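*Asks:* Have a look at the structure that comes next, please.
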Amino acid sequence: MNLSRLLSFCVNRKRLLLYVNVVFTVTVILVMYLYRGNYFCFEGSFTVVSIYGLFALFLGLFHYVGAYRYRSVLDNGYRPFVYVVVSVFNDVKIIGKTIDSILGSDYPRDKLQLIVADDGSTDGTSSVLQAKSVEYAGGFRVHLNAKNMGKRHTVADVVKRFCTVKDAVLVLVDSDACVAADAIRMLVQPFSDSGVFSVCGNAVVSNSVSLISRFQRCWYAGAFRVRKASESVVGMVMCCSGVFSAYRLEKVLGVLGDWVDETFLGKRVVAGDDSRLTNCAALRLGGRSVFQESACVYTVVPCSLRGFVRQQTRWGRNSFRRFVFAAGFFWRKSWVERFVFYCTMFVTLVTPFALVGSLVGLFLWGSWMGVVVYFSCLVLFSVLYAMTDKLLVSYFSWRDFLFRCGFFVVMLLVSFVYLYAYLTPWKGTVWGTR
């Protein structure tokens, strides 16, 4: 490499810092998992943890490299007909803003139809919908359920009744989310590729007013810009978030029954509609599922510890059921997709057991030095992840960076929640997000 090329590379500090971050992270993970056994009395258990650490290393490398290689699809002029469906239940405070944001988007009005379905709300939501309908002179359709049916049944009913343009794109938006002016336009751009069946938007936490919601802002940043972005590189975003995602309508129409009638161990499944639809209408059909960073949506997250724990318990159960379902067809895909999926499945499901087991094992049978080293590594990992988020997430501030550094504390607590969720996957009948 000549001097001019070396100087050009070094000037791009973002790339340089990212490569340093990757190398440093790999080194730390190897040291932690290959030599941590010295702090345990039971070497046999260390072998199991080391195997887990090796898979976690591969997955971490995939996320790092994939997140850096990821690029959003630019606006190429693609403007399909779009149905935007919002299913709402007792969201009287924010549903008006959600409607305003959608109808205020820059997408051509003659190619957009908004349908808002009130799923039997009892808090005055229907009155807000009627008022908004008058305000916009009937510019969107209001559908009222006589009784609460659940999000899946409500969306499926709307799709079958009102979505008649078969080659259209179906956009699903949560009732507590507000889309950016260009979000819908950017969300549909990947569909210009006929191989893309689903697209996940970029969710940003808008109510970071408490310690819990501030941590979630950091969590969302990494989950979308790092994890979903890296999955998008190989066309397999495993869960297009229900906050803001799009699907080819014709694909959804073909799997409505399978999606609505999902059961697990003989019980009807209510939550996890987004991951199930991603699997049914995209990945299982051989289509690509991608992430679009430029399609931003601003969402509300739980501010209380109780709400956060309920949310994470529901997400944990959804993840377990999603992996069980998808494992049945991913073995037929390419070796890259198989490796990424089964590695993600193994690491995701084993992580709570590994963290809780390591923590308990260290305190019961380990030395004080082992405890210090273990927590030092967790802090270091948090700093490394925070550095990655700061490099890749456009809105990530230095305050977010500091919160992300302390995220390991939240992850330790959440591990106990996910441990419970994975052991009780058949439970959970709560509608909604909070």
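*Asks:* If we keep just the residues of region 159-187 that are at pLDDT 95 or above and among the acidic types (Asp, Glu), which is farthest from Val82 (Cα to Cα)?
*Replies:* Filtering first and then ranking leaves Asp174.
*Asks:* I would also like to ask the following. I want to confirm something. Restricting to region 132-144 and keeping residues that are in contact with a helix residue (DSSP H, G or I) (Cβ under 8 Å, 6 or more places away or on another chain) and over 20 Å from Ala156 (Cα atoms), which single residue is surrounded by the most Cβ atoms within 10 Å (Cβ to Cβ)?
*Replies:* Only one residue fits best here, namely Lys132.
*Asks:* Just checking, does region 152-162 include any residue being outside any helix (DSSP H, G or I) and either surrounded by fewer than 21 Cβ atoms within 10 Å (Cβ to Cβ) or assigned by TED's automatic domain parsing to the domain that holds Cys178 (or both)?
*Replies:* Checked against the condition, which is being outside any helix (DSSP H, G or I) and either surrounded by fewer than 21 Cβ atoms within 10 Å (Cβ to Cβ) or assigned by TED's automatic domain parsing to the domain that holds Cys178 (or both), region 152-162 yields no hits at all.
*Asks:* Answer with yes or no whether Ser105 is closer than 22 Å to Val243 by Cβ, of a type outside the set (Val, Ile, Thr), assigned by TED's automatic domain parsing to the domain that holds Leu170 and modelled with pLDDT of 95 or more.
*Replies:* Yes, satisfied.
*Asks:* Can I ask one more? Hey, Val290 hits all of (1) buried (at least 22 other Cβ atoms within 10 Å of the Cβ); (2) assigned to a helix (DSSP H, G or I) but one; which does it fall short on?
*Replies:* The single condition Val290 does not satisfy is (2).
*Asks:* Then there is this: Can you pull out the residues in region 295-332 that are crowded, with 19+ Cβ neighbours inside 10 Å and not in a helix (DSSP H, G or I)?
*Replies:* Ala295, Cys296, Val297, Tyr298, Thr299, Val300, Val301, Pro302
*Asks:* Looking at region 132-151 only, could you name the residues that are more than 21 Å from Tyr83 (Cβ to Cβ) and in contact (Cβ under 8 Å) with a residue 12 or more places away in the chain?
*Replies:* Within region 132-151, Ala146, Lys147, Asn148 qualify.
A quick yes/no check of all residues on (1) more than 22 Å from Met186 (Cα to Cα); (2) at pLDDT 95 or above; (3) of a type in the set (Val, Ile, Thr); (4) not assigned by TED's automatic domain parsing to the domain that holds Leu384:
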{"residue": "Phe62", "(1), (2), (3), (4)": "yes, no, no, no"}
{"residue": "Asp75", "(1), (2), (3), (4)": "no, yes, no, yes"}
{"residue": "Asn90", "(1), (2), (3), (4)": "yes, no, no, yes"}
{"residue": "Lys111", "(1), (2), (3), (4)": "no, yes, no, yes"}
{"residue": "Ser121", "(1), (2), (3), (4)": "yes, no, no, yes"}
{"residue": "Ala137", "(1), (2), (3), (4)": "yes, no, no, yes"}
{"residue": "Asn145", "(1), (2), (3), (4)": "yes, no, no, yes"}
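*Asks:* Now, a different point. Which residue out of Leu211, Leu249 is surrounded by 20 or more Cβ atoms within 10 Å (Cβ to Cβ) and either touching a Phe, Trp or Tyr at 6+ places or on another chain (Cβ under 9 Å) or in contact (Cβ under 8 Å) with a residue 12 or more places away in the chain (or both)?
*Replies:* Details: Leu211 fails: surrounded by 20 or more Cβ atoms within 10 Å (Cβ to Cβ).
Exactly one of Leu211, Leu249 is surrounded by 20 or more Cβ atoms within 10 Å (Cβ to Cβ) and either touching a Phe, Trp or Tyr at 6+ places or on another chain (Cβ under 9 Å) or in contact (Cβ under 8 Å) with a residue 12 or more places away in the chain (or both), namely Leu249.
*Asks:* Residue check: is Ser121 under 28 Å from Val269 (Cα atoms), assigned to a helix (DSSP H, G or I) and not charged (D, E, K, R)?
*Replies:* No; evaluated as a whole, the condition is false for this residue.
*Asks:* Still on this model: May I ask you to verify whether Ile94 is touching a residue at least 60 places away in the same chain (Cβ under 8 Å), surrounded by fewer than 21 Cβ atoms within 10 Å (Cβ to Cβ) and under 24 Å from Ala271 (Cα atoms)?
*Replies:* yes
*Asks:* Could you list, in sequence order, all residues of region 376-415 that are under 21 Å from the mean Cα position of the chain (by Cα) and of a type in the set (A, V, I, L, M)?
*Replies:* Leu384, Ala386, Met387, Leu391, Leu392, Val393, Val409, Val410, Met411, Leu412, Leu413, Val414
*Asks:* Moving on. Please give the helices (runs of 4 or more DSSP H) falling wholly within region 226-272 in which 1 or more residues are at pLDDT 90 or above and within 26 Å of Ala181 (Cα to Cα).
*Replies:* Correct list: 229-233, 249-253.
*Asks:* Now for a different question. Go through (1) closer than 25 Å to Phe408 by Cα; (2) buried (at least 24 other Cβ atoms within 10 Å of the Cβ); (3) of a type in the set (Val, Ile, Thr) one by one and return the number of the condition Val226 breaks.
*Replies:* (2)
*Asks:* Right, something else. Being modelled with pLDDT of 95 or more, outside any loop (DSSP other than H, G, I, E, B) and surrounded by 15 or more Cβ atoms within 10 Å (Cβ to Cβ) narrows it down to one of Val49, Val116, so name that one.
*Replies:* Val116
*Asks:* Pick out the one residue from Asp167, Asp123 that is among the charged types (D, E, K, R) and either surrounded by 24 or more Cβ atoms within 10 Å (Cβ to Cβ) or without any contact (Cβ under 8 Å) to a residue 60 or more places away in the chain (or both).
*Replies:* Asp123
The values are calculated or read from the model by the stated rules, or taken from the named source; none is laboratory data. Quick caveat, the model's predicted, so the values are computed rather than measured. Cβ: placed from backbone, ideal geometry, glycine included. Neighbour counts: every protein chain shown.
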